[in-house]
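Below is one structure, written out as structure tokens; the observations come after it.
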Amino acid sequence: MADVVMPQMGESIVEGTLTKWLKKVGDRVERDEPLFEISTDKVDTEIPSPAAGVLAEILVQEGATVAINTVVARISAEGEAPAPAPAPAAAAEPPAPAPAPAPAAAAPPPPPAPAPAPAPAEPEEALGPISPLVRKLAREHNIDLREVKGTGAGGRITKQDVENYLAARQAPAAPAAAPAPAPAPAPAPAPAAAAPAAQPAPLPRVEPARVRIEPMSIMRQKIAEHMIHSKHTSAHVTTVHRVDMTRIARLRERIKGDFQQRYGFSLTFLPFIVRATAEALRAFPIFNASIEGTNILYYNEINIGIAVALDNGLIVPVIQNADEKNIVGLQRAIVDLAARARSKQLKPQEVQGGTFSITNFGSFGSLFATPVINQPQVAILGVGAVEKMPVVIEGDAIAIRHMAHLALTFDHRLIDGALADQFCQKVKSILENWSEDVL
């Protein structure tokens, strides 16, 4: 029997929310086949099965948030009998009454027994385990969970059950059928004047809703918590530098067709930024570090996280040992990680171990922004859009150049402004003096 555990999806992650089971008890699963989906502040992804066999037992229901390394299911191997499900506790039955002794010959008849009191409402504890997400939805919408029919394993109430209950409660009630007319009474003496027929009361006017209430997704909640935690932890300062990307733009324009044909993916500006950043991190190792109490932790590996935008949030997969890759290797890694992030195919280790992060908001047209540090790192580099603009060059001439803005947000507890500007100047120098033969 193999245990399936909640994986750790990042250094600072201590729990995850199981959002959906992709298999049910009794289904056959293969090793590395997607088994369930989880959501954290770093990733919203599918988790593969650790072994082949049959899903024998589900221990954590959809919508539940549990600590990392918690066993969420068990898989039985080929030919292994699945673990027997625990027998449900039998409802307590009142003991059978003892036979009454024979009444005495002259005893008067006993008084009539009082009518039984109505059974009390079923306590909420009798509903079984209820996930924090379900309880939160019930509080927000003032729902008595005893009125909700559970469709989960063992009759447990899931998030979908609560949403179905809400939809049913908010739907307008169907008008009641008119009662059948009573039989006509016997003819009565004609009244002096016939009474006018009663008019139905006008229906109340329905006002359109002014707001629409929709709970945040688990991923959105976790991102919000992570951003606030970062702001409360680090002293954020941002410095912005303008970089001339003309050399790289000309190189890219010259070889992009052949590059696409040879490797099967496009060449963008981002791998050049990553390569220059990796070299700058080697020159300024304090940016490739974190703070632990009053100590500085310097990392020997340069693992650069790349922010990837999703429909419902963002995640930061990591390029391991980024300083060891050339432009082709970096572009391949960026394309691969972004594609698998959007299809929920990232592996746990691919969102762990980041030592520095880059966010490319320029891909959406932004010139520059002030990114938030990805804890426990001490800096993040934002890349603005590369645009043609008139620039004063040497000799007071005006030329059209490909320009971009780099925004470095750093933790002022550890890094001072002068050092941050030196780091940016190092990145700027590498990019502006790029050799057109280096890929």
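At a glance:
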{"read-out": "Extension reserve of the Glu33-Ile400 stretch, reckoned as 0.36 nm per residue once the Cα distance is removed", "value": "126.9 nm"}
{"read-out": "Global size of region 272-338 as Cα Rg and Dmax, reported in angstrom", "value": "13.4, 40"}
{"read-out": "Efficiency of FRET from Cβ geometry, Gln199 and Thr151, R₀ 41 Å, rounded to 0.05", "value": "0.35"}
{"read-out": "Inter-label distance for Arg169 and Arg282, nm, one decimal - labels placed 7 Å from Cα along Cα-to-Cβ", "value": "6.2 nm"}
{"read-out": "Scattering profile of region 310-439 at q = 0.11, 0.19, 0.22 Å⁻¹ [log10 I(q)/I(0), Debye over alpha-carbon scatterers]", "value": "-0.49, -1.38, -1.59"}
{"read-out": "Net length gained if the chain between Tyr299 and Ala209 were fully extended (0.36 nm per residue, minus Cα distance)", "value": "27.0 nm"}
{"read-out": "Spacing of the two label points (7 Å from each Cα toward its C-beta) at Ala339 and Asp421, in nm", "value": "4.3 nm"}
{"read-out": "23 Å Cα-Cα threshold exceeded, pairs from Lys159/Lys347; Lys231/Lys388; Lys136/Lys231; Lys256/Lys325; Lys20/Lys149", "value": "Lys159/Lys347; Lys231/Lys388; Lys136/Lys231"}
{"read-out": "Residue-normalised accessible area of region 250-406, expressed per residue, 1.4 Å probe, Å²", "value": "48 Å²"}
{"read-out": "For region 252-344, size of Cβ-based charge dipole, Lys and Arg +1, Asp and Glu -1, in debye", "value": "400 debye"}
{"read-out": "Those aspartates and glutamates that a straight Cα-Cα span of less than 16 Å connects to Lys344, excepting residues fewer than 8 apart in one chain", "value": "Asp32, Glu33, Glu37, Asp41, Asp44, Glu46, Asp311, Asp336"}
{"read-out": "For region 216-334, fraction of C-alpha pairs farther apart than 26 Å, in %", "value": "37 percent"}
{"read-out": "Length released on extending from Arg332 to Asp144, taking residue separation times 0.36 nm less the Cα-Cα span", "value": "62.5 nm"}
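The values are calculated or read from the model by the stated rules, or taken from the named source; none is laboratory data. If you're wondering where the values come from, they're calculated on a predicted model, not measured in any experiment. So basically every Cβ, Gly included, is an ideal-geometry build from the backbone, and we count neighbours across all protein chains shown. Ligands, DNA and RNA are stripped out before the accessible areas are found, and what is left, the full protein with its side chains, is counted by its heavy atoms. Shrake-Rupley method; radii C 1.70, N 1.55, O 1.52, S 1.80 Å.
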